[in-house]
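Comments concern the structure below.
The values are calculated or read from the model by the stated rules, or taken from the named source; none is laboratory data. Quick caveat, the model's predicted, so the values are computed rather than measured. Cβ placement follows ideal geometry from the backbone for every residue including glycine, while neighbour counts extend to all protein chains displayed. Heavy atoms of the whole protein, side chains included, go into the accessibility calculation; ligands, DNA and RNA do not. Shrake-Rupley method; radii C 1.70, N 1.55, O 1.52, S 1.80 Å.
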Amino acid sequence: MDRINLITLGVKDMSTAVDFYRKLGFEASLVGSEEALEIVFFRMNGSKLSLYPLEKLAEETGQPVPDGGFNGVTLAYNAKSESEVDQVLKTAGRIGGTVVKEAAPTDWGGYSGYFTDPDGHYWEVAYGADWEFDDNDMLII
């Protein structure tokens, strides 16, 4: 295995989560009606993101529904400037997310901050002056 094709986030309220990610700029492919969403896939360059009802995802994995808090996993958006980091964090806060760490210079020489989506999933928004991106806007590492 050398790739991740799909990242699925368990969410408590599909409509709220879909609305949040659409407002961040994600383009959705819905499965089910707007009123009874079964799963949502977002078209992106590279890996895909999906939203699935939290209780159903827990049942599918055979695990209990988590009770919140930081679970040791973050998602990341790599920006192309410090001002883009600031703008993404500002937008996330305005549309229903929570900025949990304001953007600031990092110990690795970049610029980074964090927000959580309405379900508490952590996102880092970061910029590095030496970063290069491919034709799909994916970070070259």
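See the values below:
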| quantity | calculated |
| --- | --- |
| Convex hull (Cα only) mean projected area of the chain, reported in nm² to one decimal | 9.4 nm² |
| Of 18, 73, 99, the one that fluctuates the most in a GNM where the chain has Cα springs shorter than 10 Å | 73 |
| Difference of contour (0.36 nm per residue) and Cα-Cα distance, residue 38 to residue 91 | 16.4 nm |
| For the chain, with +1 on Lys and Arg beta carbons and -1 on Asp and Glu, the positive-most of 115, 33, 72 along the dipole | 33 |
| Environment charge at residue 19 (Cβ cut-off 14 Å; Lys +1, Arg +1, Asp -1, Glu -1) | -2 |
| ³J(HN,Hα) computed for each position of segment 132-140 - Karplus, 6.51 cos²θ - 1.76 cosθ + 1.60, integer Hz, glycine/proline x | 10, 10, 7, 5, 9, 6, 8, 4, 8 |
| Loop-located chymotrypsin sites (Phe, Trp or Tyr not before Pro) in segment 97-141, at most 13 other Cβ atoms within 10 Å (DSSP) | 108 |
| Probe 1.4 Å, all protein chains present, accessible-area order of 83, 47, largest first | 83, 47 |
| Residue of 130, 117, 86 that the Gaussian network model of the chain assigns the largest fluctuation, springs spanning Cα pairs under 10 Å | 130 |
| Solvent exposure ordering (accessible area, 1.4 Å, most first) of 124, 35, 132 | 35, 132, 124 |
| Linear extension gain, residue 80 paired with residue 99, 0.36 nm per residue minus alpha-carbon span | 4.9 nm |
| Entries in 23/80; 48/101; 12/80; 80/101; 56/90; 23/101 that, when Cα-Cα distance is taken, lie over 22 Å | 48/101; 12/80; 56/90 |
| Length added when fully stretched, residue 19-residue 71, from 0.36 nm per residue minus Cα-Cα | 16.4 nm |
| Cβ-derived FRET efficiency at R0 25 Å, residue 6 paired with residue 139, nearest 0.05 | 0.85 |
| Largest to smallest accessible area among 14, 1 [probe 1.4 Å] | 1, 14 |
| Accessible area expressed per residue, the chain, with surrounding protein chains retained (probe 1.4 Å, Å²) | 63 Å² |
| Given charges at beta-carbon only (K, R positive; D, E negative), |dipole| of the chain in Debye | 180 debye |
| Per-residue SASA entry for residue 74, accessible area with 1.4 Å probe, Å² rounded to 10 | 60 Å² |
| Protein accessible area in the chain, 1.4 Å probe - carbon and sulfur % | 49 percent |
| Filtered chymotrypsin sites (Phe, Trp or Tyr not before Pro), segment 18-66: DSSP coil and at most 16 other beta carbons within 10 Å | 26 |
